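The values are calculated or read from the model by the stated rules, or taken from the named source; none is laboratory data. On a predicted model such as this, the values are computed, not experimentally measured, just so you know. All Cβ positions, glycine included, derive from the backbone under ideal geometry; neighbour counts span all protein chains shown. Ligands, DNA and RNA are stripped out before the accessible areas are found, and what is left, the full protein with its side chains, is counted by its heavy atoms. Shrake-Rupley method; radii C 1.70, N 1.55, O 1.52, S 1.80 Å.
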Amino acid sequence: SGVVFSGVYIILSKVAAPYGDFVVASFRVGQLVESVSFMVCFGFGQAVASMVGQNLGAKLPKRAEKSAWTAIAIISTITFGFSFLFYFFARPITSLFTNDPQMMAAAVYYLKIVALAQVMMGFEMVLEGVFSGAGDTVPPMIVSIIGTIIRIPLAMVFANMPGFGYTGIYWAITVSTIIKGVAIFIWFNVGKWKRKEI
């Protein structure tokens, strides 16, 4: 999943390149800022993996599920806060990294658009932890790989739509993140992970 993620971002940078170096640079600024939210989500995913693993190992599937829902509730609140910051304070945040007007404008667009998917990113990361803790690593791998790869065709389509331009690449990231969050949430609710033997 990590290799695919890195490869896809290399291709997205190539898609962004014709719009100018400032667009490619805005990726870096946007990702640096968003990485704060990402790492918080990752931390919660690791924590819930331990709780789910312990509870399933103790034959307490209901308690494991309660741990998952508690983590989802907490991360949803936190990521909603990040969404608020990214959307309403995008310009002051990006000004910490650059004073180039074009690059700043592009990075502001990036943060405002990805702000719409922070809660879904939290869902994805926490539920990846749930599946990992249950020893059921195939579902999150499938969702992550397919959901990340579709960013390429989405970026190409959106970027060529009237009124989008390079912001279509940012929309591709946001839409795919929402798709991944919804997909893994549905898979989580199927509940097969609770029946894994640990």
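Geometric descriptor of the stretch 148-192, per residue, is 59 Å³ (volume of the convex hull of the Cα atoms).
Between residue 182 and residue 28, what is 0.36 nm times their sequence separation minus the Cα-Cα distance? Round to one decimal in nm. Before the final figure, lay out each step's value.
Numbers: separation 154, 0.36 × 154 = 55.44 nm, distance 2.64 nm.
My answer for the length gained is 52.8 nm.
Ranked from largest to smallest solvent-accessible area, with a 1.4 Å probe on the protein heavy atoms, 9, 170 come out as 9, 170. Note on residue 141 and residue 102: the extension gain reaches 10.4 nm, defined as 0.36 nm multiplied by sequence separation minus the Cα-Cα distance. Here the stretch 16-154 is assigned +1 on the Cβ of each Lys and Arg and -1 on the Cβ of each Asp and Glu. Its dipole about the Cα centre then comes out at about 340 debye.
When shorter helices are ignored and each DSSP H run of at least 4 residues is given -39500 (n - 2.57), the per-residue value for the chain at 222 nm works out to -27500 deg cm²/dmol.
Given a 1.4 Å probe and every protein chain left where it sits, what share in percent of the accessible area of the chain is carbon and sulfur? Mind dumping the intermediate values first?
Numbers: 6810 of 9720 Å².
Carbon and sulfur together cover 70 percent of it.
Histogrammed with a bin width of 5 Å, the alpha carbon distances of the stretch 65-198 distribute as 2, 11, 17, 18, 17, 15, 10, 6, 3, 1, 0, 0 percent, first bin at zero. Across the chain, C-alpha contacts under 8 Å between residues 6 or more apart give a mean separation that, scaled by the residue count, equals a relative contact order of 30 percent. Along the stretch 67-84 the Karplus relation, 6.51 cos²θ - 1.76 cosθ + 1.60 evaluated at θ = phi - 60°, assigns HN-Hα couplings of 4, 5, 5, 5, 5, 4, 4, 5, 5, 5, 5, 5, 5, 5, x, 5, 4, 4 Hz to successive residues, with x for each Gly and Pro. Each residue of the stretch 166-172 was assigned a 3J(HN,Hα) from its phi angle through the Karplus expression (A = 6.51, B = -1.76, C = 1.60, θ = phi - 60°), giving 5, 5, x, 5, 5, 5, 4 Hz with x at Gly and Pro. To the nearest ten degrees, helix 138-149 and the longest principal axis of the Cα atoms of the chain are 10 degrees apart. Rounded to the nearest 20, the Cβ-based charge dipole of the stretch 77-198 about its Cα centre (Lys and Arg +1, Asp and Glu -1) stands at 200 debye.
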